[in-house]
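Working notes for the structure below.
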Amino acid sequence: MDKEEWAGRVGDVWATEQHRTDRTFEPVDEALVEAAVAAVYGIATPHILDVGCGAGTTSFSLATRLPGATINGIDLSPALSGAAVARAAGLPDHVRSRCRFERADATVWTGETGFDLLVSRHGVMFFDDPVAAFAHLRSLAKAGGRLVFSCFRAPKENAWVAKFAHLMPGGPSDPHAPGPFAFADRDRVAAILAEAGWRDAQATALDFAYVAGAGGDPVADANDFFARIGPVSRAIRELDEAGRERLRAGLDEQVRAHFDGEKVSFPAAAWIWSAQA
Ligand SMILES: C[S@@+](CC[C@H](N)C(=O)[O-])C[C@H]1O[C@@H](n2cnc3c(N)ncnc32)[C@H](O)[C@@H]1O
């Protein structure tokens, strides 16, 4: 998954799917915000950079939890950074006035420096050169500034993708290639952070329920969501007609198997990382 995809089609889809992606990430957001709040404990007016901020949800959560914080959100996608600006306009003044959003590539952005905290909800696994990118991000932090981010653990620990793996286009692929699972390997990420000059890196495992479907017809909602966004949607585009049919049937079967009468949810697994500049 490369920069062009986020700046184009994939970012556009994420912008239209903001409500449903936020629903899947809700438990991650809670854990991430707790870790972020702890990281800036004792700083009355923390200056925070939200890296790959998407449509702004984590920035808004932080602005709400930390009344003295100012937050810069940057994202590659014009659609997502635009969505963040539009959403901010609907928020109370005391939140909106402390959040600024910008379309930018975090690996080269130099808009401001001296951040107390860099935070990212699943926005840092897409860098072509992770060591260079994290070294650049470190240069944006003040001395002793903190880094807190989330990312997925291995696909096999994430049933929302593992359940469909046998129906996806096969073939070996580079597990470290930029993409949603590029940071699954804890030792690799620890090495990247150390080489980039971040110290005291710690990863905490978070197991959570990935809610893929809810509302009036949760099964239809989940089938539609998977077909619109993420690895299943990509596979649907890449497969031939027969493979597509098999995947759609397998998807529906798993979605029904994970419906509890109220919502469709799958076990999911993330890391919450923290480190210091
Ligand atoms: C999985 S989405 C997460 C978005 C948002 N943080 C959320 O939780 O909803 C990954 C985000 O990272 C952004 N991104 C990827 N590479 C980036 C880069 N080099 N600079 C800025 N944003 C980037 C994408 O555009 C996308 O919005």
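The values are calculated or read from the model by the stated rules, or taken from the named source; none is laboratory data. A quick note: this is a predicted structure, and the numbers were derived from the prediction, not measured. Virtual Cβ from ideal backbone geometry, glycine too; neighbours counted across all protein chains shown. Just so you know, the surface numbers come from the protein's heavy atoms only, side chains and all, with ligands and any DNA or RNA stripped out. Shrake-Rupley method; radii C 1.70, N 1.55, O 1.52, S 1.80 Å.
Being open to solvent by 30 Å² or more (accessible area, probe 1.4 Å) and either at pLDDT 95 or above or among the charged types (D, E, K, R) (or both) is a property that holds for Asp128. The residues listed here are Ile48, Ile74; of these, the one that is within 9 Å of the ligand (Cβ to nearest atom) and at pLDDT 95 or above is Ile74.
For Gly68, are the conditions met, namely being open to solvent by less than 70 Å² (accessible area, probe 1.4 Å), in contact (Cβ under 8 Å) with a residue 12 or more places away in the chain and over 18 Å from Gly123 (Cβ atoms)? So that I can check it myself, show each step before the final result.
Values: open to solvent by less than 70 Å² (accessible area, probe 1.4 Å): yes; in contact (Cβ under 8 Å) with a residue 12 or more places away in the chain: yes; over 18 Å from Gly123 (Cβ atoms): yes.
So Gly68 fits the description; yes.
Residue by residue, here is whether (1) aliphatic (A, V, I, L, M); (2) in contact with a Ser or Thr (Cβ under 9 Å, 6 or more places away or on another chain); (3) open to solvent by less than 40 Å² (accessible area, probe 1.4 Å) holds:
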{"position": "Ile192", "(1), (2), (3)": "yes, no, yes"}
{"position": "Trp198", "(1), (2), (3)": "no, no, yes"}
{"position": "Ala214", "(1), (2), (3)": "yes, yes, yes"}
{"position": "Asp221", "(1), (2), (3)": "no, no, yes"}
{"position": "Asp224", "(1), (2), (3)": "no, no, no"}
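If you go through segment 109-151 and keep only what is in contact with a strand residue (DSSP E or B) (Cβ under 8 Å, 6 or more places away or on another chain) and of a type in the set (Ser, Thr, Tyr), you end up with Thr113, Ser120, Ser150. Among residues of segment 91-117 being open to solvent by less than 60 Å² (accessible area, probe 1.4 Å) and more than 20 Å from Val37 (Cβ to Cβ), the one that is farthest from the ligand (Cβ to nearest atom) is Glu112.
Please enumerate the residues belonging to segment 246-277 that are assigned to a helix (DSSP H, G or I) and farther than 15 Å from Ala165 by Cα. Working first, answer last.
Looking only at segment 246-277, we keep the residues that are assigned to a helix (DSSP H, G or I), and these are 246-257.
Those that are assigned to a helix (DSSP H, G or I) and farther than 15 Å from Ala165 by Cα: Arg256, Ala257.
Scanning segment 226-277 for residues that are open to solvent by 10 Å² or more (accessible area, probe 1.4 Å) and of a type in the set (A, V, I, L, M) turns up Ala227, Ile229, Ile236, Leu239, Ala242, Ala249, Ala257, Ile272, Ala277. Counting the residues of segment 2-51 that are of a type in the set (Ser, Thr, Tyr) and within 17 Å of the chain's Cα centre (by Cα) gives 3.
Among the criteria (1) over 26 Å from Arg9 (Cβ atoms); (2) free of Cβ contacts under 8 Å to residues at least 60 places away in the same chain, the one Leu147 does not fulfil is (2).
Could you tell me whether Ala86 is of a type in the set (A, V, I, L, M), more than 9 Å from the ligand (Cβ to nearest atom) and without any contact (Cβ under 8 Å) to a residue 24 or more places away in the chain?
Numbers: of a type in the set (A, V, I, L, M): yes; more than 9 Å from the ligand (Cβ to nearest atom): yes; without any contact (Cβ under 8 Å) to a residue 24 or more places away in the chain: yes.
Yes: the conditions hold for Ala86.
Among the residues of segment 180-196, is any over 20 Å from the mean Cα position of the chain (by Cα) and within 15 Å of the ligand (Cβ to nearest atom)? There is at least one residue in segment 180-196 that is over 20 Å from the mean Cα position of the chain (by Cα) and within 15 Å of the ligand (Cβ to nearest atom). In this structure, Ser59 qualifies as within 10 Å of the ligand (Cβ to nearest atom) and of a type outside the set (D, E, K, R).
Condition check ((1) under 25 Å from Ala194 (Cα atoms); (2) surrounded by fewer than 17 Cβ atoms within 10 Å (Cβ to Cβ)) across all residues:
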| position | (1), (2) |
| --- | --- |
| Thr58 | no, no |
| Ile74 | yes, no |
| Ala89 | no, yes |
| Val119 | yes, no |
| Val124 | yes, no |
| Arg146 | yes, no |
| Ala154 | yes, yes |
